[in-house]
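Here the structure comes first, spelled out in structure tokens, and everything after it is commentary.
The values are calculated or read from the model by the stated rules, or taken from the named source; none is laboratory data. Quick caveat, the model's predicted, so the values are computed rather than measured. Glycine also receives a Cβ, built like all others from the backbone with ideal geometry; neighbour counts cover every protein chain displayed.
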Amino acid sequence: MSGATTEPMSTAPIMPLYFEDYEVGARFKTYSRTITEADLAMFCALVGYHMPLFIDEHYARETRFGGRIVPGSLTASYSTASTEVLTRWSIIAHLGNREARFLGPVRPGDTITTHVEVIERSDRGEGRGMVTFRDTVVNQDGTTVYTVEKLVMVKKRPA
């Protein structure tokens with residue numbers, strides 16, 4: 001496979017990857033992203049989250065989290081955005097997610113990185129195939145905070 005190894009790479013390749021390039025077991029590491037206070041505030045304002053757990057430090061300190069956390073949907077969004085380098089030129093459609101699990105809190109100031117593994121692939125006929133990726137998001141301490149399996153329809157390599 002072009003650009004993939006069985007061990008995580010330092011970063012995902014910045015090159016066209018097509019259906020034929022994804023072998024089951026291949027692993028990629030995306031770029032990291034630090035979630036800032038501004039990210040949290042803008043995301044909550046954009047989607048209309050007014051939950052004190054996300055926006056009120058005084059309130060959040062009294063919860064089991066001991067302080068504000070970011071919405072899981074923000075973690076999932078940043079994770080998905082970081083994986084686009086794998087399918088930037090070949091994606092046909094993101095068909096869905098399965099087995100999504102939020103396993104730990106993400107806080108403002110945390111840095112998250114997504115590790116991607118190809119877990120399934122199937123030929124879907126002329127010009128396309130489906131690849132299932134398992135994304136594992138870890139924070140700066142290496143703690144897994146989110147996992148999801150993504151089903152993605154991708155183009156086959158042009159003839």
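Being in contact with a Ser or Thr (Cβ under 6 Å, 6 or more places away or on another chain), part of a loop (DSSP other than H, G, I, E, B) and within 16 Å of Ala38 (Cα to Cα) narrows it down to one residue among Val106, Val70; which is it?
Step by step, each of Val106, Val70 is checked, and only Val106 is in contact with a Ser or Thr (Cβ under 6 Å, 6 or more places away or on another chain), part of a loop (DSSP other than H, G, I, E, B) and within 16 Å of Ala38 (Cα to Cα).
What single numbered condition from (1) under 16 Å from Lys29 (Cβ atoms); (2) assigned to a strand (DSSP E or B); (3) of a type outside the set (Ser, Thr, Tyr) fails to hold for Val85?
Every condition holds for Val85 apart from (2).
Run Leu40 past the list (1) modelled with pLDDT of 95 or more; (2) within 28 Å of Met153 (Cα to Cα); (3) aliphatic (A, V, I, L, M) and report the number of the one that doesn't hold.
Only one criterion in (1) modelled with pLDDT of 95 or more; (2) within 28 Å of Met153 (Cα to Cα); (3) aliphatic (A, V, I, L, M) is unmet by Leu40, namely (2).
Only one of (1) in contact (Cβ under 8 Å) with a residue 60 or more places away in the chain; (2) surrounded by 13 or more Cβ atoms within 10 Å (Cβ to Cβ) fails for Glu37. Which number is that?
Glu37 satisfies every listed condition except (2).
When you check Ser32 against the structure, is it at negative phi and either without any contact (Cβ under 8 Å) to a residue 24 or more places away in the chain or part of a helix (DSSP H, G or I) (or both), yes or no?
Against the criterion (at negative phi and either without any contact (Cβ under 8 Å) to a residue 24 or more places away in the chain or part of a helix (DSSP H, G or I) (or both)), Ser32 does not qualify.
Keeping to the stretch 109-118, report how many residues are assigned to a loop (DSSP other than H, G, I, E, B) and either crowded, with 17+ Cβ neighbours inside 10 Å or in contact with a Pro (Cβ under 9 Å, 6 or more places away or on another chain) (or both).
Selection size over the stretch 109-118: 1.
Within the set of pairs 6 or more residues apart or between chains, which connect a residue that is loosely packed, with under 13 Cβ neighbours inside 10 Å inside the stretch 119-146 to a residue that is of a type in the set (S, T, N, Q) with Cβ atoms less than 7 Å apart?
Qualifying pairs under 7 Å: Gln140/Thr111.
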